[in-house]
Amino acid sequence: MGLNAYRDRESPAWQIVEYLKRSGAATVKELEELLGVTTTAVRQHLNTLQADGYVERQRVHAGVGRPHHAYSITAKAHELFACHCDDLALTLLEEVFALEGKDRAALLLGRVGSRLAQRYVDSVRSTILQERVEQLAEALYTRGVLTDVKVQDDETFILRTYTCPYHELAQEHRDICEMDEEVMRTVLGSEVSLSACMMDGHHGCSFVVSRSGGQA
C-alpha cells in the first residue's frame with residue numbers, strides 16, 4: 001500500500017497508526033474498540049501494516065498474568081507524518097545557523113514565528129481560553145500535527161503534540177522549540193510554557209497554557 005493510502009485519515013490503517021503514535025502501543029483488543037470491528041479485521045490491518053514496515057509487534061510481560069502482545073509504530077512510520085513541503089525552508093534555516101550565527105538565526109526565527117502565528121489567528125476566534133486552545137489544536141491537526149488537549153483546571157490547559165514538522169532541525173537547534181512556544185503565545189494571547197519535549201525523549205511535547213493577567 002502506498003504512502004498516500006496510509007495518509008487517508010478515514011482509513012482504518014491511518015486510524016491505527018495515529019492511535020499508536022499518540023498512545024505509544026496498543027493491544028488488539030484496544031484497536032478493536034477504536035475501530036469498532038472484529039478481531040479478525042484488526043489483525044488483517046495489522047498484518048498489512050507489519051508487512052509494509054510501519055508497525056511492529058512486541059511481547060509484553062506485565063505482572064503475574066500471562067504475557068501478551070502489543071503493537072507500536074516503527075521508525076519508518078514517522079515518514080507518514082513528515083512535512084516534506086518544508087524541506088527547502090528547513091534547509092535554509094540550517095544554512096542560516098551555520099553561516100550567520102546564533103544571534104542572526106534567532107532574529108530570523110522571531111520573524112518566521114510571527115508569520116507562522118498569522119496562519120492560525122483566523123482559526124482561533126473564541127474569547128474563552130479552553131475553546132481557543134482547542135481551536136489551535138484543531139488548526140495544527142489540519143496541518144498534520146497530531147494533538148490533544150487536557151484540562152488541568154479552569155485556568156490551565158495542556159496542549160500536547162505528538163509530531164513535529166521541524167523534528168530534524170529541532171534536534172540540533174532548540175531555538176525551534178522556543179519559536180513554537182512564542183507562536184502559541186501570540187495566537188492564544190496567553191502564557192505558554194513547554195513542560196515536556198520529544199527532543200528530550202518524551203512521547204510528545206506538552207505546552208502548558210495558562211490565563212494571562214489581562215485575560216478575561
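None of the figures in this text is laboratory data; all of them are computed from the coordinates on show. Because the structure is predicted, anything quoted here is derived from the model rather than measured. We place every Cβ from the backbone using ideal geometry, glycine too, and count neighbours over all the protein chains shown.
Numbers at a glance
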quantity	calculated
Potential lengthening between His202 and Ser114 on full extension [0.36 nm per residue; Cα-Cα distance subtracted]	29.0 nm
Ser193-Gln171 pseudo-label distance in nm [points 7 Å out on the Cα-to-Cβ vector]	2.9
Cα gyration tensor category, rounded, prolate or oblate, for region 3-81 with a/c compared to 1.5	prolate
Distance between modelled label sites at Gln44 and Asp8, nm, 7 Å Cα→Cβ extension	1.4
Of the DSSP H helices in the chain, those whose Cα atoms cover at least 30 Å axially and whose Kyte score averages 0.0 or more	none
Within region 136-216, GluC sites (Glu not before Pro) in DSSP loop having at most 15 other beta-carbon neighbours inside 10 Å	Glu155
Segment Arg104-Asp154, length gained on full extension (0.36 nm per residue, minus Cα span)	14.1 nm
